[in-house]
Amino acid sequence: MAETRTTKLLIIGSGPAGYTAGVYGSRAMLDPILVQGIEPGGQLTTTTEVENWPGDTEVQGPDLMVRMEAHAKAMGTEIIGDIIIDLDLSSRPFKAKGDSGTTYVADAVILATGARAKWLGMESEEKFKGFGVSACATCDGFFYRNQEIVVIGGGNTAVEEALFLTKFASKVTLVHRRDELRAEKILIDRLMKNPKIEPLWFHELHEVYGTENPLGVEGIKVKHTKTGEITDIAAKGVFVAIGHAPANELVKDTLETHMGGYVVTKPDSTETSIPGVFAAGDLTDHEYRQAVTSAGMGCMAALEAERFLSQEGDETAVQSEQPQTEEA
Ligand code: FAD
Ligand code: NAP
């Protein structure tokens with residue numbers, strides 16, 4: 001039989017924002033329920049070394065997220081392996097439907113659904129997805145030992161993926177549409193010093209090609225962004241790393257969004273346009289998109305949820321303390 005779970009605070013998402021909200025929400029005695037979604041631990045589970053999490057000179061992304069989960073649990077957060085497929089924010093208490101069939105009924109909600117990798121949207125990219133085209137080097141890099149690989153993009157993800165892939169590949173070509181990378185300087189420095197990586201400036205992916213039976217990548221055609229000239233690069237693997245878009249599917253029709261779908265929050269706050277609904281992390285942050293800033297917003301969201309619920313408790317108490325009228 002379908003179950004209904006009632007909670008003061010429902011946290012949707014299990015990245016740094018969600019788990020931190022769990023730690024703070026638990027300490028505020030809100031007994032939060034946290035629903036993990038399809039990627040328990042969030043984006044950091046798809047990387048290896050994290051070198052900018054304060055307190056750890058270097059930590060593996062998946063290990064950090066296991067520790068965060070354990071921390072939230074130890075503080076009292078109930079962590080549930082489910083995916084929210086529908087969210088009704090039209091009236092309070094809010095209602096969320098889980099893929100498991102469970103309905104979650106909550107006085108306040110923290111949205112921490114993060115971001116997902118973007119794709120170029122090409123037919124040939126789609127055709128070879130999972131058969132040589134990937135957006136996750138840590139997941140799929142191992143399959144390309146001693147092979148030639150291309151990475152598309154010029155941000156932190158593209159540069160980190162290119163560096164990581166040199167552990168396996170014989171050569172990595174980094175294809176970027178400009179001649180300037182937007183990655184951190186320390187990463188660019190490592191990239192430029194790596195003899196296995198060759199940057200290809202002013203080029204975009206034009207087409208992925210390969211064999212039909214079995215389906216597999218043999219190479220790509222790239223187009224010069226200034227001259228339009230098409231050239232060929234032999235490669236067995238293509239890693240698309242062109243950025244991330246906010247995972248806003250649950251709220252894109254109910255909450256205000258901007259800058260390509262990021263949920264709008266009030267200045268210096270995680271409050272959304274619906275009282276009692278808070279948004280934290282990459283879902284709302286088009287600027288910084290870091291683990292530490294996401295965790296910071298998760299903390300803010302839990303503190304704001306606690307304030308919202310206790311103010312509401314005060315108001316209810318005030319109302320119930322009103323002298324009764326004679327008619328009543
Ligand atoms: P995410 O980590 O994106 O987590 C989102 C969570 O929401 C997931 O658990 C998902 O399952 C859940 N979810 C989504 N939809 C639903 C749903 N419908 N129901 C329930 N749950 C749902 N940042 C750094 O600071 N340092 C780094 O070294 C670093 N390296 C990175 C390397 C890579 C390859 C990538 C992709 C990113 C990296 N980042 C790094 C960025 C960092 O990972 C993000 O800024 C951070 O993870 C965002 O945290 P978040 O909690 O907002 O969301
Ligand atoms: P990003 O910073 O948005 O970079 C996306 C890159 O892809 C850009 O270089 C962009 O080119 C390129 N691009 C976008 N659309 C393209 C298209 N259609 N065709 C070709 N190229 C295209 O995204 P990201 O690298 O995934 O990083 C996302 C966030 O996570 C960032 O805030 C980043 O700092 C963070 N992150 C941090 C770390 C770390 O701290 N070590 C690691 C990974 C990610 P242009 O430059 O020309 O726009």
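The values are calculated or read from the model by the stated rules, or taken from the named source; none is laboratory data. Just so it is clear, the structure is predicted and the values come from calculations on it, not from any experiment. Note that each Cβ is placed from the backbone with ideal geometry, even for glycine, and that neighbours are counted across all protein chains shown. Surface accessibility is based on the protein's heavy atoms, side chains included, excluding ligands, DNA and RNA. Shrake-Rupley method; radii C 1.70, N 1.55, O 1.52, S 1.80 Å.
Okay, here's what the table says:
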| item | result |
| --- | --- |
| Mean-position separation - Cα centroids, the stretch 257-305 and the stretch 174-239, in angstrom | 34 |
| DSSP beta bridges in the stretch 133-277 [antiparallel fraction, %, rounded to 5] | 50 |
| Å³ per residue enclosed by the Cα convex hull of the stretch 167-228 | 104 |
| Estimated D of the chain in µm² per second, where Rh is the Kirkwood radius over Cα pairs and Stokes-Einstein applies at 4 °C, 1.567 mPa s | 60 |
| Size descriptor, Kirkwood hydrodynamic radius, that averages inverse alpha-carbon separations across the stretch 204-291, Å | 16.4 |
| Computed [θ] at 222 nm, deg cm²/dmol, the chain (DSSP H ≥ 4; -39,500 (n - 2.57); rounded to nearest 500) | -8500 deg cm²/dmol |
| Cα gyration tensor category, rounded, prolate or oblate, for the stretch 30-112 with a/c compared to 1.5 | prolate |
| J(HN,Hα) series, the stretch 29-39, from Karplus relation 6.51 cos²θ - 1.76 cosθ + 1.60, nearest Hz, glycine and proline x | 6, 8, 6, x, 9, 10, 9, 7, x, 6, 10 |
| The stretch 123-240: C-alpha gyration tensor shape, a/c 1.5 cut-off, then a/b vs b/c | oblate |
| Sites SER91 and ARG182 - FRET efficiency at Förster radius 51 Å, r taken between beta-carbons, to 0.05 | 0.75 |
| ARG5 long-range amide H proximity, modeled H, under 5 Å | THR103, TYR104, VAL105 |
| Accessible surface of TYR288 - all protein chains present, 1.4 Å probe, nearest 10 Å² | 150 |
| Accessible area (Å², 1.4 Å probe, nearest 10) - HIS71 | 90 |
| Extension gain (nm, one decimal) between MET259 and GLU229, 0.36 nm per residue minus Cα-Cα | 7.6 nm |
| Amide H contacts of VAL133 (H built 1.01 Å from N, under 5 Å, at least 5 apart or other chain) | VAL238 |
| Ranking by accessible area, most exposed first, for PHE168, PHE142 with a 1.4 Å probe | PHE142, PHE168 |
| Under-5 Å amide H pairs with THR173, H placed in peptide plane, nonlocal only | ILE149, VAL150, VAL151, GLU198 |
| Highest-MSF residue in the chain out of MET68, MET122, MET297 [GNM, Cα springs under 10 Å] | MET122 |
| Hits among lysines - C-alpha to C-alpha of LYS236 under 23 Å, sequence gap 8 or more where chains match | LYS118, LYS127, LYS129, LYS167, LYS171, LYS196, LYS221, LYS223 |
| Carbon + sulfur, % of accessible area of the stretch 51-143 - ligands and nucleic acids excluded, 1.4 Å | 53 |
| Part-to-part distance (alpha-carbon centres) for the stretch 98-145 and the stretch 9-32, which is given in Å | 23 |
| For the chain, accessible area per residue (1.4 Å probe, heavy atoms of protein chains only), Å² | 51 |
| Listed residues HIS224, PRO246, PRO214: farthest to the positive end of the dipole of the stretch 211-254 (Cβ charges) | HIS224 |
